[in-house]
Amino acid sequence: MSRNYIRIVFKIVSFLFVLQLLRIGIKSACFLVVDRTYYSDRIASLFAMILLSALILLVAKFRRIDLSIFPKHFGAGYIIFTVIAFALFISTPILTKNNSTSEIVLLIYSAIVTPVFEELIFRGFVWNKLNTLFLFAVWHFGYIDTIAFHVETGLANAIIWKVITGLCFGIVLGALRFKTKNCYSTMLLHGVLNIFGR
């Protein structure tokens, strides 16, 4: 391995570590104001991910980092897949009969905010620096604060499955990113996968 490669990996791992610390810090600040419940934990995560996504976009713009978010040409395939993803998103509360405000907010969190946040990081920033799938799986260790809050027993097992799922997602989303050369396609697929996996 070259020193440059090791330096890049170190910078990326440091960046991911700082992002997780910021996410946990923002969530912790929220719990100074409200009690931590299942719902408030998800809302705090949603808030943290929106803030950090905005920060990533600002830093990318300021440093002139191309995140390759959108395709160069929105062809019929992109339009069709966008319509399908949107239809699935809209129909999920109706089909599942979970159409309360809290369920819709949780759907927005899992099917829109989380995919945009994670795809900006991994198939945007990290992909352009270092084309690797392993980091997406390891990233899911960083959600230990949320997993530990929601799992009463079997924390180690839950984390292992979260990492395995992250690795499988990473392989599929990485292949799509490689084929399409943009993050928009991976954001859509990630969102659809999260609709079914929430």
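Please give the calculated 222 nm ellipticity per residue for the chain, where each DSSP H segment of at least 4 residues contributes -39500 (n - 2.57) and the sum is spread over every residue; nearest 500 deg cm²/dmol?
The per-residue figure over the chain is -23500 deg cm²/dmol.
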Phi-derived 3J(HN,Hα) across the stretch 171-176 with the Karplus relation (6.51, -1.76, 1.60, θ = phi - 60°), rounded Hz, x for Gly and Pro, is 5, 5, 5, x, 5, 5
Subtracting the Cα-Cα distance of Lys129 and Ile160 from 0.36 nm times their residue separation yields 8.5 nm
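Going by how many other beta carbons lie within 10 Å of each one, how would you line up Ile121, Ile94, Ile108, fewest first?
Values: Ile121 23, Ile94 9, Ile108 13.
In increasing order of surrounding Cβ atoms, one gets Ile94, Ile108, Ile121.
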Taking r as the C-beta separation of Ile108 and His73 and R0 as 30 Å, the FRET efficiency to the nearest 0.05 is 0.60
Residues Arg63, Arg7, Arg177 in order from fewest to most other beta-carbon atoms within 10 Å are Arg63, Arg7, Arg177
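Got a sec? How would Glu103, Glu119, Glu152 order by Cβ neighbour count within 10 Å, fewest to most? Walk me through the numbers on the way to the answer.
On the way: Glu103 16, Glu119 28, Glu152 7.
Fewest to most other Cβ atoms nearby, the residues stand as Glu152, Glu103, Glu119.
Assuming R0 = 25 Å, can you tell me the calculated FRET efficiency for the pair Leu21 and Lys61, based on Cβ-Cβ distance, to the nearest 0.05?
Numbers: r = 23 Å, r/R0 = 0.91.
The value I calculate is 0.65.
Based on Cβ point charges of +1 for Lys and Arg and -1 for Asp and Glu, what charge dipole magnitude is obtained for the chain about its Cα centre, in debye rounded to the nearest 20?
On the way: 19 positive and 8 negative charges, 172 e Å.
Result for the chain is approximately 820 debye, rounded to the nearest 20.
The chain: D in µm²/s via Stokes-Einstein (Kirkwood Rh, Cα pairs, 25 °C, 0.890 mPa s)? Kindly include the intermediate steps, with their values, before the conclusion.
On the way: Rh = 17.8 Å.
The Stokes-Einstein estimate is 138 µm²/s.
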Between the modelled labels at Thr96 and Tyr39 (7 Å from Cα along Cα→Cβ) the distance in nm is 1.5 nm
For the chain the mean separation of alpha carbon contacts under 8 Å (6+ apart) over residue count, i.e. relative contact order in percent, is 30 percent
Among Leu22, Leu55, Leu173, the residue with the largest mean-square fluctuation in a Gaussian network model of the chain built from Cα contacts under 10 Å is Leu55
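We did not get these values from a lab; they are worked out from the coordinates using the rules stated. Bear in mind the structure is a predicted one, so any value in this text is a computation, not a measurement. Counting neighbours? That spans all protein chains shown, and the Cβs are built from the backbone with ideal geometry, glycine included.
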